[in-house]
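Working notes, beginning with the structure itself.
The values are calculated or read from the model by the stated rules, or taken from the named source; none is laboratory data. Note that the structure is predicted; figures quoted are calculated from it, not measured. Here the Cβ positions follow ideal geometry from the backbone for every residue, glycine too, while neighbour counts run over all protein chains shown. Only protein heavy atoms, including side chains, enter the accessible area calculation; ligands, DNA and RNA are left aside. Shrake-Rupley method; radii C 1.70, N 1.55, O 1.52, S 1.80 Å.
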Amino acid sequence: MPSFITPVRKFTLPDQCVMGILNVTPDSFSDGGQFQSIESALQQTRQMVEQGAAIIDIGGESTRPGAKAVSVNEELERVIPVIEAIRRESDVPISIDTSKPEVMSAAVAAGADMVNDVCALSQGHAMETVAKLNVPVCLMHMQGEPRTMQASPHYDNVVAEVKTFLQQRIEKCVASGIDRAQILIDPGFGFGKTPAHNLSLLKHLDEIMSLKLPVLLGISRKSTIGYILDKDVDERVYGSVALTALAIQKGASIIRAHDVAATVDAIKVAQAVSTAS
Ligand code: YH5
C-alpha cells in the first residue's frame with residue numbers, strides 16, 4: 001500500500017451502546033495550558049471507557065444554543081492533540097463531532113474512526129470528504145443554525161419533516177459515493193426544536209427507525225429534560241437515564257451521553273425487558 005493511503009481501522013459497536021461525550025472546548029477545562037487539557041481529556045476518556053462507553057465523541061466546537069463559531073485552526077488545535085493522545089494509549093473507537101471537512105480529514109488521519117456531523121454534511125465539501133474517507137457518518141437533523149435555532153422553532157409536522165430531511169440527506173450521501181451501510185441518523189434532539197417537538201420525535205421514533213438505519217440520540221442533560229423536571233443542567237441525570245431506557249426500548253442504537261455509567265445501566269435494564277419471554 002502506498003504510504004499516503006491511511007488504512008481505515010475496522011471497528012464494531014454493540015447493537016445498542018453508549019457514546020461518551022468528550023468536550024474539548026476551552027470552557028471545558030481549567031487554565032493549565034495544553035498539557036493539562038490533554039491530561040484531563042485522557043482521564044475523562046479512561047473513566048468513560050471503564051464505565052462502559054463503546055465509543056468516545058470528541059468535539060471542539062460548542063453547538064449549544066447561542067455558542068459562537070470557532071475557526072478551522074482553533075478547532076484543529078483543540079481536537080487533534082487529544083485524538084493523538086488517546087490513540088497512543090487506547091484502541092477505543094473515536095468519533096469526531098464536527099461540521100468542518102478539514103477537521104474531519106485531520107481527525108481521521110490522527111486516528112478517529114467516524115464522523116458525527118450536526119450539520120449532516122452540508123458545510124463546504126464535507127460530503128465528498130466523508131465519501132473519500134470511507135468512515136461511518138452520523139447525519140443529524142437541525143432546523144436553523146446553533147446560534148439562533150432555539151429562537152422560534154416551527155414545524156407543521158415535526159416527525160414527518162425530520163424524516164423527510166434525513167431521507168433526502170441519505171439519498172444525497174449515497175449519490176455522492178457514501179456507502180449506505182456507513183450511515184447513522186439522528187433526529188437532533190434540541191436542535192431547533194421546542195420540548196413538544198423533541199418529545200413528539202421520541203414518541204414516534206419508530207417513524208425515524210423506518211428509514212432502516214441505526215439511530216443515534218443525544219438527549220443527555222438537555223433542556224427539554226430541564227423543562228419537564230424544572231431542574232438545572234447538573235440535576236438532569238435521572239431524567240436523561242429515564243429517556244435512555246425509553247429510547248432503547250424503541251430500538252435506538254447509540255445513546256450519546258455525559259453520564260456513562262448511569263446510561264449503561266439504563267441500556268442493560270431496558271434490554272433485559274426487551275429480551276424477556
Ligand atoms: C446530538 O444530539 N448534541 S452537542 C445542550 C445541553 C446539553 C447538551 C444543557 N452533538 C448532539 O450535547 N451530536 C451535540 O443543555 C450532537 N446528536 C449528535 N449526533 C449539544 C449537547 C448539549 C446541548
- Set Ile58, Ile94, Ile83: member being under 22 Å from Glu128 (Cα atoms), free of Cβ contacts under 8 Å to residues at least 40 places away in the same chain and either buried (at least 17 other Cβ atoms within 10 Å of the Cβ) or within 16 Å of the ligand (Cβ to nearest atom) (or both): Ile94
- Item | Flag for Gly188 being at pLDDT 95 or above, within 28 Å of Leu76 (Cα to Cα) and open to solvent by less than 20 Å² (accessible area, probe 1.4 Å) | yes
- When every residue in region 46-55 that is within 16 Å of the ligand (Cβ to nearest atom) and part of a loop (DSSP other than H, G, I, E, B) is compared, the one farthest from Arg221 (Cα to Cα) is Ala54
- Message: Checking the conditions here, which among Ile208, Ile228 is surrounded by fewer than 17 Cβ atoms within 10 Å (Cβ to Cβ), among the β-branched types (Val, Ile, Thr), over 15 Å from Ala257 (Cβ atoms) and more than 12 Å from the ligand (Cβ to nearest atom)?
- Response: Ile228
- Message: I'd like to check which helices (runs of 4 or more DSSP H) are fully inside region 152-222 and have at least 3 residues that are of a type in the set (S, T, N, Q).
- Response: 158-175
- Query: Among the candidates Ile254, Ile170, Ile267, Ile178, which residue alone is open to solvent by less than 20 Å² (accessible area, probe 1.4 Å), among the β-branched types (Val, Ile, Thr) and closer than 24 Å to Ala67 by Cβ?
  - Reply: Ile254
- Residue ID - farthest from the ligand (Cβ to nearest atom), chosen from residues in region 97-149 that are more than 21 Å from Pro65 (Cα to Cα), open to solvent by 50 Å² or more (accessible area, probe 1.4 Å) and touching a residue at least 60 places away in the same chain (Cβ under 8 Å): Ala109
- Would you confirm whether any residue within region 150-163 is touching a His at 6+ places or on another chain (Cβ under 7 Å), within 14 Å of the ligand (Cβ to nearest atom) and either aliphatic (A, V, I, L, M) or over 25 Å from Ala245 (Cα atoms) (or both)? yes
- Task: Report, by residue number, each residue of region 231-242 that is within 13 Å of the ligand (Cβ to nearest atom) and open to solvent by less than 50 Å² (accessible area, probe 1.4 Å).
- Result: Arg236, Val237, Gly239, Ser240
- Note on the structure: Per the filter on region 31-55, residues at pLDDT below 95 and either within 23 Å of Leu13 (Cα to Cα) or surrounded by fewer than 16 Cβ atoms within 10 Å (Cβ to Cβ) (or both) are Asp31, Gly32, Gly33, Gln34, Phe35, Gln36
- Only residues that are outside any loop (DSSP other than H, G, I, E, B) and over 16 Å from the mean Cα position of the chain (by Cα): list them for region 249-263, please. Gln249, Ala261, Ala262
